[in-house]
Amino acid sequence: MSPQFLLKRRTASRLAAIDAYRFPAAARQRVATANGSLTTSGLDQVEAAARQWFRLAARHPRAKTTMPSLITATLWHELADQSTEYAQFCTTAFGHVLPPPAPLPASPAAGTRGPAGVGGAVDLGAPSSGPAGWARAEVGGGPPGVPPSALAETFRLARQDENCAPGALPLLFRIDQQLAIPGGYRYLADCGGRGLCHDLPGTLCLMHLQGNGRLIRRRPPFGGPTHAGEGEIGPVCGAGCGSGSQ
């Protein structure tokens, strides 16, 4: 059998283990207790987000990614506290124990966008000698200590996993806002800006993680004159500004 066939078979087996994994009732209960507004349905959604994260680890063991959700990270920590059971699950699903990073800080009510404090990307493919550090992100600057590419790569892979439509957020990126998690992180798949990111306090635009791109200019609408010295007018908001938040 070819190496490619063996790899596909191993990955399929690991994905099946993730889908079949029964989250410990004690871990669910602790998450529910810490987040009193969570219903059973809400807990099921957090489980689904955690499974999505674990599928990324199983499918892309060499990817440099970062956890984008506060509530999913909370559940991940509770699972890891069930050390024996979690180690057994990880061995089956990843081939090694996948330790969570240190607890994420809550996002401030306004100003900080995205995971307020990724201090190190998570290498999904290798055991960690210690937890990745977390520190507060600067306003408008994204997570410090981690290349924007880590969050962008997580977004790309999660979109693939969920087969997202253009402009939609995968579950990992919408779960905090969807469940109204206090201190959770909020994202836009695309703010609609081209050449300029439309700043929305408390929300991180994933389209512009690695820069605003080329400035798009167009002539004034309705054939109006261009004023001397101004050239064509500047950045414009594309259709669907603000789409992607759910």
Residue count, the stretch 65-123 (criterion: β-branched (Val, Ile, Thr), assigned to a loop (DSSP other than H, G, I, E, B) and modelled with pLDDT of 90 or more): 2
Complete set of residues in the stretch 28-50 that are over 21 Å from Leu206 (Cβ atoms) and in contact with a Phe, Trp or Tyr (Cβ under 9 Å, 6 or more places away or on another chain): Leu43, Glu47
- prompt: Is it the case that some residue within the stretch 14-21 is β-branched (Val, Ile, Thr), more than 18 Å from Cys90 (Cβ to Cβ) and touching a residue at least 12 places away in the same chain (Cβ under 8 Å)?
  reply: no
- request: Scan the stretch 60-68 and give yes if some residue there is touching a Lys or Arg at 6+ places or on another chain (Cβ under 9 Å) and surrounded by 16 or more Cβ atoms within 10 Å (Cβ to Cβ), otherwise no.
  value: no
message: Restricting to the stretch 35-64, give me the number of residues that are assigned to a helix (DSSP H, G or I) and either without any contact (Cβ under 8 Å) to a residue 40 or more places away in the chain or not β-branched (Val, Ile, Thr) (or both).
response: 19
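The values are calculated or read from the model by the stated rules, or taken from the named source; none is laboratory data. What you are looking at is a predicted structure, and each value in this text was computed from that prediction instead of being measured. We place every Cβ from the backbone using ideal geometry, glycine too, and count neighbours over all the protein chains shown.
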